[in-house]
Amino acid sequence: MKKVDVIGVQMDLGAGTRGVNMGPGAIRYAGVIDGIKELGYEVEDKGDIIPLKTGATADNMRNYEQVIDCNRRLYEACKASHEAGAMPVVLGGDHSIAAGSISATAKHFGKIGVIWVDAHGDWNSAETSPSGNMHGMPFSAVCGAGPNEMVDFGQEPVFVDIANCVQIGGRDIDTEERIRMKEYGVTVFSIADIDRMGMPAVIEKAIEIASNGTEGIHVSFDVDAISPEFAPGTGTTVHSGLTLREAFYLVETLAESKKVLALDLVEVNPMIDIKNQTGRVGCELILSTLGKVVY
């Protein structure tokens, strides 16, 4: 039987708006554990990683110690899941936690691809970040473009080859961040590209890029990629995002590819949600990534 480990991270210290620490609970409340079981998986809920109560800020990285500590513990948890033959499904929490989960996937499998679904690039460094919020830095970190502290826990990190990295849904990318992404050669399918090409062509190309010569794909999905009328419960909403059908087509196609090694579902904020609408969307996106189909 296929195995899934569900790992929550009650982290909101990497973000500018508090509340996504309750995201794992909202997604569980929407029925994700039972839903995974119904798909035929053996599922184990590993509980939540909880940040340190206090920690320092350093070098324009807010709550640096707490973010790094959570990422280290998540790295260890995801690595253990991979070693046990289970797929880690990580419930965020803000997007800073992807530094730990992707590091574990890369360490275990070696050469992997990443598909990063997000309204934002998350490709800032400590030097370019206008806010110091660390949820804007993890994609850069896992690619070896810094901050290295986010991914180096003394384990000799395995960085993801940028040639196998794809960003989907970008529409609010900082100026310096955009420059860095171009300089490093990240493939970006912006919301305008999706309008022009259509989601079927975009996700087909994204899977081709992320799986070319790799062992599989780590999917990191920020719900703010979706237009806020469909997913209002997130702290950094940006208008004119993915429709629900575009979002579900994306993850359904990933499921069909059978190349997904791990999944993050992040930035669900129940504090600003409407009757757990975004928590339910997050739950269903996870289930669809694991193979749930609509007939």
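Any read-out appearing in this document is the output of simple, stated calculations on the displayed coordinates, not a laboratory observation. It should be emphasised that the depicted structure is a prediction, and the values quoted were computed from it without experimental measurement. Methodologically, a virtual Cβ is constructed for each residue, glycine included, from the backbone with ideal geometry; neighbour enumeration extends over all protein chains shown.
Cα centroids of segment 1-65 and segment 183-257: 21 Å apart. Spacing of the modelled spin labels on Ser240 and Glu38, each 7 Å from Cα toward Cβ, amounts to 3.7 nm. The convex hull built on the alpha-carbon positions of segment 232-295 has an orientation-averaged projected area of 4.8 nm². Put in order of Cβ neighbour count within 10 Å, fewest first, the listed residues Val158, Val90, Val293 become Val293, Val158, Val90. Which entries of Lys2/Lys107; Lys79/Lys275; Lys111/Lys258; Lys107/Lys292; Lys53/Lys275 show an alpha-carbon separation above 24 angstrom in the structure shown? In this structure, Lys79/Lys275; Lys107/Lys292; Lys53/Lys275 exceed 24 Å between Cα atoms.
Between Val293 and Ala80, the simple label model (points 7 Å from Cα in the Cβ direction) yields a spacing of 3.6 nm.
Note on segment 147-295: Cα-Cα pairs beyond 25 Å make up 31% of the total pair count. Exposed loop trypsin sites (Lys or Arg not before Pro) only (DSSP loop, at most 15 other Cβ atoms within 10 Å): please give the longest stretch of the chain free of them, not including the sites. Longest run free of exposed loop sites: 112-257. Taking amide H positions as modeled 1.01 Å from N, with prolines and chain starts lacking one, the residues under 5 Å from Cys165 and 5 or more places away or on another chain are Val114, Thr187.
Put in order of Cβ neighbour count within 10 Å, fewest first, the listed residues His82, His135, His239 become His239, His82, His135. In this Cβ point-charge picture (+1 for Lys and Arg, -1 for Asp and Glu), segment 3-289 has a dipole of about 220 debye about its Cα centre. Can you give the helix-only mean residue ellipticity at 222 nm for the chain, where every DSSP H stretch with n ≥ 4 adds -39500 (n - 2.57) and the sum goes over all residues, rounded to the nearest 500 deg cm²/dmol? Value at 222 nm, helices only, nearest 500: -11000 deg cm²/dmol. Applying both filters, DSSP loop and at most 13 other Cβ atoms within 10 Å, to the GluC sites (Glu not before Pro) of segment 195-228 eliminates every site. For the pair Lys3 and Glu215, the difference between a 0.36 nm per residue extended length and the Cα-Cα distance amounts to 74.5 nm. Using R₀ = 41 Å, calculate the FRET efficiency as 1/(1 + (r/R₀)^6) where r is the Cβ-Cβ separation of Lys275 and Ala56; round to 0.05. Result of the calculation: an efficiency of 0.60. Using a simple spin-label model with pseudo-atoms 7 Å out from Cα toward Cβ, Arg178 and Ala192 lie 0.8 nm apart. Ranked by how many other Cβ atoms sit within 10 Å of their own Cβ, fewest first, the residues Asp34, Asp161 fall in the order Asp34, Asp161.
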